[in-house]
1. Any residue in the range C:70-89 that's under 12 Å from residue C:31 (Cβ atoms) and surrounded by 11 or more Cβ atoms within 10 Å (Cβ to Cβ): show its pairings with residues that are aliphatic (A, V, I, L, M) and modelled with pLDDT under 90 at Cβ separation under 6 Å, as long as the two are six or more apart or on different chains.
2. Just checking, how many residues over the range C:79-105 are farther than 30 Å from residue A:10 by Cβ and either outside any loop (DSSP other than H, G, I, E, B) or at pLDDT 95 or above (or both)?
3. Take the residues of the range B:71-87 that are assigned to a loop (DSSP other than H, G, I, E, B) and farther than 14 Å from residue B:21 by Cβ: which is nearest to the other protein chains (Cβ to nearest Cβ)?
4. Being facing chain B (nearest Cβ under 8 Å), in a loop (DSSP other than H, G, I, E, B) and under 20 Å from residue B:54 (Cα atoms) is the filter here, so list the residues in the range A:18-54 that pass it.
5. Mind listing whichever residues of the range C:15-32 are among the basic types (Lys, Arg) and within 14 Å of another protein chain (Cβ to nearest Cβ)?
6. Where the second residue is of a type in the set (S, T, N, Q) and assigned to a strand (DSSP E or B) and the first is in contact (Cβ under 8 Å) with a residue 24 or more places away in the chain and surrounded by 15 or more Cβ atoms within 10 Å (Cβ to Cβ) and lies in the range B:79-101, which pairs have Cβ atoms under 6 Å and are six or more apart or on separate chains?
7. Could you list all residues from the range B:7-31 that are modelled with pLDDT of 95 or more, at the interface with chain A (Cβ under 9 Å from one of its Cβ atoms) and part of a loop (DSSP other than H, G, I, E, B)?
8. Filter the range B:73-104 down to residues that are in contact with a Phe, Trp or Tyr (Cβ under 8 Å, 6 or more places away or on another chain) and of a type in the set (Lys, Arg), then give me how many there are.
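The values are calculated or read from the model by the stated rules, or taken from the named source; none is laboratory data. Given the structure is predicted, the values throughout are model-derived calculations rather than measurements. Please note: Cβ atoms are built from the backbone with ideal geometry, for glycine as well, and neighbour counts cover all protein chains shown.
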Amino acid sequence: MLFFSYFKDLVGREVTVELKNDLAIRGTLHSVDQYLNIKLENTKVVDQDKYPHMLSVRNCFIRGSVVRYVQLPPDGVDVELLHDATRREARGG
Amino acid sequence: MSWAGPEDIFLSTSLASYLDKKLLVLLRDGRKLLGILRSFDQFANAVLEGACERVIVGDLYCDIPLGLYVIRGENVVLIGELDLEREELPPHMVRVSAAEIKREEFLSSISSMNMRICTTSFTSLKEEFLSSISSMNMRICTTSFTSLKAQKAERDATDLKGSMRKRMEFLDLD
Amino acid sequence: MASEEESTVKEPLDLIRLSLDERIYVKLRSERELRGKLHHNLKRKKIFGEPILETLPCKAYDQHLNMILGEVEEVITTVEIDDETYEEIVRTTKRMVPFLFVRGDGVILVAPPLRTA
């Protein structure tokens, strides 16, 4: 639950999700769930030419299991945020 | 993905907000399906109505109609909402018939096979070639009986396969 | 790593706990390697405004080996075949990422930094 809480605190921030099939999508984190499924808004595929079928996709749902990395905003790893997440976890939330 | 309450359904990671919309579903094998989402569950199993597969080879594409599809969640990579205001594909891409796209697919699979044939060892090569031929047979048998054009493409493909076989005779396949 | 309790190793993941705040090596599927810093902080904090001070260990990994690394260097190794000579050419591509969440299912191994004594 630690990373679920962590990603919930990142909602509204810009992230780049890199999938196991090498597709990388940048967008605003809209929501996340306990499987770390991710919804992005205002998405833009990093290598657009290679994935023409993604041109008109603005919002998407990404299955957590296909994620390789999530590139986080440089100030995203806020000690306070992680602390809050840890505390919530300790409370069983 | 769990069913959220009605008030926060659009803020959750549920697929509920995508219901009854035209979507693009990317699968783990690289296939791209288009259709209207009619149902889903917590595994991302999904029901697509009016589904079609969008096959893209280079600058050519074709939407092959499939009908009503139930997709197993574990094969789903991404579900994207199509922005109806925007073009679905770049302007330079050309729509072609199902027969043509299958032909292109076949040609590009041959050329990638040629590449690999030059680089893999002889024994594994033989096996690979045999199995790819048989999977080609499979695909040729199961697809494209619908139109005359498709049948023509099939003949072309068979011709191609024949010529491939000739070119591969040195492998002593029999 | 202050108390004795904290530095004991009872199970494999304890080794990772001991690597918090240090640069670790992570080998991943599909010929990828990462070197980065596992974040760790121990801080005394007020809880709910009460004057109780509590030590909050803040770890950046979980039991799935999901983790957050900082100042990450990623190395991708690819093998290409030369068109003319058919020789294998091993290429490595490097890139830097300031902060990276890594999904645990891609992790093959995690190596703590080399320790002396």
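1. Hits for this filter: zero, empty list.
2. Of all residues in the range C:79-105, those farther than 30 Å from residue A:10 by Cβ come to C:79-92.
Keeping just the survivors that are either outside any loop (DSSP other than H, G, I, E, B) or at pLDDT 95 or above (or both) gives C:79-81, C:88-92.
Of the residues in the range C:79-105, 8 are farther than 30 Å from residue A:10 by Cβ and either outside any loop (DSSP other than H, G, I, E, B) or at pLDDT 95 or above (or both).
3. Our first condition is that a residue be assigned to a loop (DSSP other than H, G, I, E, B); within the range B:71-87, this holds for B:72, B:83-87.
Next cut, farther than 14 Å from residue B:21 by Cβ only: B:72, B:86-87.
Working: B:72: 11, B:86: 4, B:87: 6 Å.
So, considering only residues that are assigned to a loop (DSSP other than H, G, I, E, B) and farther than 14 Å from residue B:21 by Cβ, the one nearest to the other protein chains (Cβ to nearest Cβ) is B:86.
4. Once the filter is applied, which keeps residues that are facing chain B (nearest Cβ under 8 Å), in a loop (DSSP other than H, G, I, E, B) and under 20 Å from residue B:54 (Cα atoms), the range A:18-54 yields A:21, A:23.
5. Filtering the range C:15-32 for residues among the basic types (Lys, Arg) gives C:17, C:23, C:27, C:29, C:32.
Hits for the range C:15-32 are C:17, C:27, C:29, C:32.
6. The qualifying pairs are B:81/A:59.
7. Of everything in the range B:7-31, those that are modelled with pLDDT of 95 or more, at the interface with chain A (Cβ under 9 Å from one of its Cβ atoms) and part of a loop (DSSP other than H, G, I, E, B) turn out to be B:28, B:30.
8. As a first pass, look at the range B:73-104 and keep what is in contact with a Phe, Trp or Tyr (Cβ under 8 Å, 6 or more places away or on another chain): B:73-74, B:78-81, B:89, B:93-96, B:101.
Then drop every residue that is not of a type in the set (Lys, Arg), which leaves B:95.
The total comes to 1.
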